[in-house]
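Accompanying notes for the structure given below.
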Amino acid sequence: MFQNIIQDSIWQEKELSESDLHSPNTMDLEPFSDFESQFHLSHFTEGPLLQCWSDVSPVLQKIKEEDTYSNQQNQDIYKRKQKFWNDEEDQRLKYLYNYYEGKWNEIVKKMPQRNASQCQQRWRRINPPKKAKQNWTLQQDDQLKQLVHQFGKQWMKIAKLLGNITGKQARDRYINKLDQSINKQPWTHEEDMLVLDYFVNNGPKWTKISNLLIGRPENNIKNRFYSFIKRNYLGEQNRYQIIYF
């Protein structure tokens, strides 16, 4: 027994060689780190492993959210880049429109990254419809007078009978130029004051003012206001600076 005790003390004081440090026997003598302790304990209990996962899980979730947000931003940037049209695309669209005579199903086949709806919208944007000014002839004026006498002020019906004339064009032409009740006498001071008073209190409601001034069409009233009343009674004051009550 005494001999065994001596051998144990000698073994404890013996210095370890470099080869002994990595031997299996020596590895068993090294203390476990916290991670190793948790790893070994996880074979016997799920507690340490669950605790480790609970510490890592929020970090992984945050990384996942950041990646999702970054991907979404990249997609948004890509969509915005694809949305804008360049000069080359505009020129191609114009050529294809003339070549295929406006057949969008054929045009879109030659427009990479674009669909038919996008091409149609872009075409309307770069080629807005031009409002052609209607030049009335004496024959059209006479025909308009006859139709108004026959159907009254049914402008849409009259426009269809005239052809190539809108209801608004027919109305404006008759009310401002052809109506026999138009007062062609010089404007009076009383009429100017009525227009000015109504404008200051209600704004530029020319149709309602026209109902108060028999024989003065709304277009004539508007022209009178901007050409004379505004300059002489408001001192060229901008109409948007008027306070409406």
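The values are calculated or read from the model by the stated rules, or taken from the named source; none is laboratory data. On a predicted model such as this, the values are computed, not experimentally measured, just so you know. Glycine also receives a Cβ, built like all others from the backbone with ideal geometry; neighbour counts cover every protein chain displayed. When the accessible area is computed, the model is the full protein with side chains, heavy atoms only, and any ligands, DNA or RNA have been set aside. Shrake-Rupley method; radii C 1.70, N 1.55, O 1.52, S 1.80 Å.
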- request: Would you mind getting the accessible area per residue of region 87-207, heavy atoms of the protein chains only, 1.4 Å probe, in Å²?
  value: 72 Å²
- request: With a 1.4 Å probe and every protein chain left in place, tell me how much accessible area Asp142 has, in Å² to the nearest 10.
  value: 80 Å²
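State which entries of Lys184/Lys208; Lys94/Lys177; Lys94/Lys157; Lys94/Lys168; Lys109/Lys160; Lys103/Lys157 exceed 30 angstrom in Cα-Cα distance in the structure shown.
Lys94/Lys177; Lys94/Lys157; Lys94/Lys168; Lys109/Lys160; Lys103/Lys157
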query: What is the spin-label model distance, in nm, from Gln134 to Asp172 if the labels are put 7 Å beyond Cα along the C-beta direction?
result: 0.9 nm
- prompt: Counting only protein heavy atoms, what percent of the accessible surface of region 164-211 is carbon or sulfur at a 1.4 Å probe?
  reply: 49 percent
